[in-house]
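Q: Let me begin by handing over the structure; questions about it come next.
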Amino acid sequence: MKSLLEEGVTTIFGQPGDVFLHGPDAHRDPPFKHIRCRHGQVATHAAEGYYKATGRTGTVVVSSGSAATNCVTAITDALMDSMAIVVLNGHDPTAIMGCDTSQEADVVGTTRSCTKHNLLTLKADHIPRVIKEAYFIARSGRPGPVLVDLPQDVMTGRAEFKGYPKSVSIRGYNPQVNGHPGQIKKAADLIAHAKRPVIYGGGGIIHSDASEEFCELVDITQIPTTLTLMGLGALPTDHPLWLGMPGMYGIFCANKCMINCDLMIAIGSRFDDRVTGKLADFGKQCKVIHVDIDPTSIQKNVKVDIPIVGDVKSVLRDLNKELRKIERNWATEFKDWYAQIEAWRKQHPVRYEQKEGTTKPQYAVDMILRLTEDYDPIISTGVGQHQIWTAQVYRGRKPRRWVTSGGLGTMGYGFAAALGAQAAFPKSLVVNIEGDGGFQMAMSDLCTLVEHNLPLKTFVINNKGMGMVRQWQQHVSPQRASHPDLTHQPDFVKLAEACGVAGMRIERPDEVKAGIEKAINTPGPVVVDLVVEREEHCFPIIPVGTPSKDATDAGGATPDKVPQGWR
Amino acid sequence: MKEDTSRRRHILTLLVENRIGVLAKIAGLIAAKGYNIDSVSVGETMDNSISRITLVVHGDDWVMEQVLKQLNRLIDVIKVVDMTEEDYIEREMILVRVNADPPDRAEILRIADIFRAKVVDLTHRTYTLEVTGDEDKIQALLELLRPFGIKELVRTGRIAIGRANKSLPRKLERVAGNDEEVEKKSTAAVK
């Protein structure tokens, strides 16, 4: 407990249990905010949301066995998206460890491959060092989840608190912060001679709090910039050089830039398959510079000409310094490139057409973003079509305002992570845009919002099923669908009310604006059941395993009736 | 950009924290790549807080580069070296019990002598031999003994050490050597 305080932990997300009884007991009036969740997965996602919104490591406290195994999905999610969280797991006493006692699970074994690091503590006087190391490992280098297993007798064991260690020294762990100066010079030289460059930024910019340096890079070089799903917010979306998100559901002109550029500057992004499409064809026509703190990310998927291992913030500082020395009239030299991009932009803009009848989900999402824009909100999403639509028209201008599950794509993430972000900023507007499928995975924690006075606004984009699954099934085998529909759903309004949360329903397009405004202005937590057109697809799209150049679009203005065809 | 290189034998030497669960992490990481570990041997170094692991794995170069990087990323792994890239000496010890009926006994002893094997146990019907060597030597001996009937075979797993005049030993000694200077260094963060 004392170690956690010394570490500066102010909020913990948890699920109490018998083994951890003694933990909270030690400080009956804990100096932390303890957000007790109904489910371990929600608690862990909440810690992720807390980290993403604040940049401070999220803390989860769970108690042995099933409580801990429930966290596994969220821990894996945190590993994929490099989220700094520390999970403290209460274990059975060491004497009966491994005897299959009640509610025992080998949590260290289970989480071995889904944590950045995990460890078992066997002595009470080791706790301060272990806690210090756990937080250091979680937050430094490429951030990630760390699990600490604390057997009951170790936790209750009395040990003299000899002070919290001030520094950490782990001989097997020494992440490289500064980029190699020679490599940085080479990179600057390459940038100085590029004719059709593109900057491809990712979540690493957010994690290293480097968006200031990143914007500076864009401003110095005047290079068109795209950001991955995880990197959204690193560059203001109203920036003139902003292209939009690349990839499978990316903006057409962003993808065109990626496949026609002569230099790709990858910063804190990892060439995920959702970005690259078919690997054999990706990044072949251009030189590639790749800045990443994790050496394993470099050369994993795409051949890189100039790898730079280091913290994005530090590398960008040095790189910007080099670039400032270069005398080049950047904007003028890129004139043709800009003109080409403008043509692509006009060719396939992201668009939808809201007519009378049912609400288009794109319209609903767009309106939510537009109407909340002035509040500088934290936006979180679940996983699926609504996530893509939101990302495509995202309007945020600052980092750490965008919370979504990228790598693992965990449904139910939106609500849980938003809960964590709201706990970090109880007075800010936090908006969760969630699918009806995902919301039903996480709605166990509606009461948690009420209990802790968290005024989270949840919009359930309700298309009565798993839209993305439906979309792919209609594409792959139009005649047969394998259960994408959720034919019986709870009444979300009544459900919310039953939990003490305000519930609203928006059914017609002309109610959307007023409804959203009413929800934002309602004090306390709100759930809005936003009923939308059922058969709507995400476009443009690059089907799995095809090269980026094969992006397909729905053609003209989105037709009313779907299947819209895959032209 | 996976290139189709045939699977090659790699001998990896790892210096790791001598702690619970470390071997499981390493084995799990290699298993996750779909590779089998051909042999593994583990022992303490002169610094008993550090263990040295020698792994033999068959894999293509592209994936092995990833494996090396990912092993390096494990917090408990202090150093990883692919010995196959260096000049090294490799040994394995085996204990083998072979049928030794009276007409064959002299011939088996002759083979043992050529391979500098020791007889460590004998009965009227069997010899048990102890022999050390690199993979080729062990393989050759086993082929020669096979016709007599091998009843039981135990292998220690391969171990490897770099040649003294090459850069490799220094890479490893820096962390796990036995002189005082190294002792001091190993307590600081070294990588």
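Only the coordinates and a few stated rules stand behind these numbers; no lab work does. All figures in this text were calculated on a predicted structure; none of them were measured in a lab. Using ideal geometry, Cβ is built from the backbone for each residue, glycine included, and neighbour counts are taken over all protein chains shown.
Q: Would you compute, from DSSP H runs of 4+ residues alone, the mean residue ellipticity of chain A at 222 nm, taking -39500 (n - 2.57) per run and dividing by the full residue count, rounded to the nearest 500? Please report the intermediate quantities before stating the final value.
A: Numbers: 24 runs with 207 residues, N = 567.
Result for chain A: -10000 deg cm²/dmol, rounded to the nearest 500.
Q: What is the fewest-to-most order of A:Glu535, A:Glu48 by other Cβ atoms lying within 10 Å of their Cβ?
A: A:Glu535, A:Glu48
Q: Per residue of B:66-79, count partner chain C-beta atoms within 10 Å of its C-beta, then hand back the mean as an integer.
A: Averaged over the peptide's residues, the number is 5.
Q: With a 10 Å radius around each residue's Cβ, average the other Cβ atoms per peptide and rank A:203-210, A:92-99, highest first.
A: Numbers: A:203-210: 25.9, A:92-99: 13.9.
Ranked by mean Cβ neighbours within 10 Å, highest first: A:203-210, A:92-99.
Q: Could you go through the range A:181-195 in sequence order and give the Karplus-derived ³J(HN,Hα) for each residue, using 6.51 cos²θ - 1.76 cosθ + 1.60 with θ = phi - 60°, rounded to whole Hz, and x for Gly and Pro?
A: x, x, 5, 5, 4, 4, 5, 4, 5, 5, 5, 5, 10, 6, 9
Q: So, one more: Would you kindly give the portion of the calculated P(r) for the range A:196-342 that falls above 29 Å, as a percent of all Cα pairs? Working shown, then result.
A: Details: 725 of 10731 pairs.
When every Cα pair of the range A:196-342 is considered, 7 percent fall beyond 29 Å.
Q: Could you run the Debye sum over the Cα atoms of the range B:89-155, one equal point scatterer each and no solvent, and tell me log10 of I(q)/I(0) at q = 0.15, 0.22 Å⁻¹, two decimals?
A: Relative scattering, expressed as log10 I(q)/I(0), comes to -0.39, -0.85.
Q: Separate question: Taking K and R as +1 and D and E as -1, what net charge do the other residues with C-beta under 15 Å from the C-beta of A:Pro145 add up to? Let's see the in-between values first.
A: On the way: positive: A:Lys52, A:Arg56, A:Arg112, A:Lys116, A:Arg139, A:Arg142, B:Lys25, B:Arg73; negative: A:Glu48, A:Asp77, A:Asp81, A:Glu133, A:Asp149, A:Asp294.
The answer is +2.
Q: Another question, if that's okay. Arrange the peptides A:442-453, B:147-158, A:61-72 so that the one whose residues have, on average, the most other Cβ atoms within 10 Å appears first.
A: Taking the mean over residues of other Cβ atoms within 10 Å, the ranking is A:61-72, A:442-453, B:147-158.
Q: Can you list residues whose amide H is under 5 Å from A:Ile251's amide H, if they're 5+ apart or on another chain and H is modeled 1.01 Å from N?
A: Correct list: A:Met245.
Q: Here is a follow-up. Within the set of other residues whose C-beta is less than 15 Å from the C-beta of A:Pro523, count the net charge using Lys and Arg as +1 and Asp and Glu as -1. Mind showing how you got there, number by number?
A: Values: positive: A:Lys427, A:Lys457, A:Lys518; negative: A:Glu517.
Overall, the nearby charge balance is +2.
Q: Among the GluC sites (Glu not before Pro) in the range A:344-374, which ones are in a DSSP loop with at most 13 other Cβ atoms within 10 Å of the Cβ? Mind listing them?
A: Details: sites: A:Glu353, A:Glu356, A:Glu373; in loops: A:Glu353, A:Glu356.
Answer by residue number: A:Glu353, A:Glu356.
Q: What are the lysines whose alpha-carbon lies under 18 Å from the alpha-carbon of B:Lys118, with same-chain residues fewer than 8 places away excluded?
A: List returned: B:Lys137, B:Lys151.
Q: So what's the gap between the Cα centers of the range A:272-312 and the range A:392-445, to the nearest angstrom?
A: Between the Cα centre of the range A:272-312 and that of the range A:392-445, the gap is 28 Å.
Q: Where does each of A:His193, A:His117, A:His537 land when they are ranked from fewest to most other beta-carbon atoms within 10 angstrom?
A: The order, fewest Cβ neighbours first, is A:His193, A:His537, A:His117.
Q: Do the alpha carbons of any pairs in A:Lys300/A:Lys321; A:Lys132/A:Lys321; A:Lys195/A:Lys313; A:Lys132/A:Lys300; A:Lys278/A:Lys300 sit beyond 23 Å of each other, and which pairs?
A: Values: A:Lys300/A:Lys321 29 Å; A:Lys132/A:Lys321 35 Å; A:Lys195/A:Lys313 25 Å; A:Lys132/A:Lys300 31 Å; A:Lys278/A:Lys300 14 Å.
Pairs exceeding 23 Å: A:Lys300/A:Lys321; A:Lys132/A:Lys321; A:Lys195/A:Lys313; A:Lys132/A:Lys300.
Q: If you don't mind, another one. Which of the lysines could a cross-linker span from A:Lys355 if the Cα-Cα distance has to be under 27 Å and same-chain partners fewer than 8 positions apart are dropped?
A: Answer for A:Lys355, where 27 Å is the Cα cut-off: A:Lys346, A:Lys457, A:Lys464, A:Lys513, A:Lys518, A:Lys561, listed by chain and number.
Q: Counting only residues 5 or more places away or on other chains, whose amide H sits under 5 Å from the amide H of A:Val61 once H atoms are built in the peptide plane?
A: Under 5 Å from the amide H of A:Val61 lie the amide H atoms of A:Phe13, A:Gly14, A:Gln15, A:Leu88, each far enough along the sequence or on another chain.
Q: Just round it to a whole percent: the fraction of Cα-Cα distances in the range A:40-193 exceeding 26 Å.
A: Of all Cα-Cα distances in the range A:40-193, 34 percent exceed 26 Å.
Q: So how do A:149-162, B:67-80, A:293-306 stack up, highest first, on mean other-Cβ count within 10 Å?
A: Descending packing order for the listed peptides: B:67-80, A:293-306, A:149-162.
Q: Continuing with the same structure: Skipping prolines and chain starts, which residues have an amide H placed within reach, meaning under 5 Å, of the one on A:Lys284, given they are 5 or more residues away or on another chain?
A: none
Q: For the range B:18-34, what does the Karplus curve 6.51 cos²θ - 1.76 cosθ + 1.60, with θ = phi - 60°, yield as ³J(HN,Hα) per residue in whole Hz, taken in order and with x for Gly and Pro?
A: Whole-Hz 3J(HN,Hα) from phi for the range B:18-34: 7, 9, 4, x, 5, 4, 4, 4, 5, 4, x, 5, 6, 4, 5, 8, x.
Q: Kindly put A:Leu119, B:Leu23 in sequence by how many other C-beta atoms sit within 10 Å of each C-beta, fewest to most.
A: Neighbour counts put them in this order, fewest first: B:Leu23, A:Leu119.
Q: So what's the gap between the Cα centers of the range B:79-106 and the range A:140-196, to the nearest angstrom?
A: So the separation of the two Cα centres works out to 41 Å.
Q: May I ask you to evaluate 6.51 cos²θ - 1.76 cosθ + 1.60, the Karplus curve with θ = phi - 60°, for each residue of the range B:69-85 and list the ³J(HN,Hα) values in order in whole Hz, giving x for glycine and proline?
A: The phi angles translate into 5, 6, 4, 4, 6, 4, 4, 7, 8, 8, 8, 10, 9, 8, 5, 4, 7 Hz.
Q: Convex hull over the Cα atoms of chain A, averaged projected area in nm²?
A: 26.3
Q: Taking only the Cα atoms of the range A:273-408, how large is their convex hull per residue, in Å³?
A: Per residue, the Cα convex hull of the range A:273-408 comes to 194 Å³.
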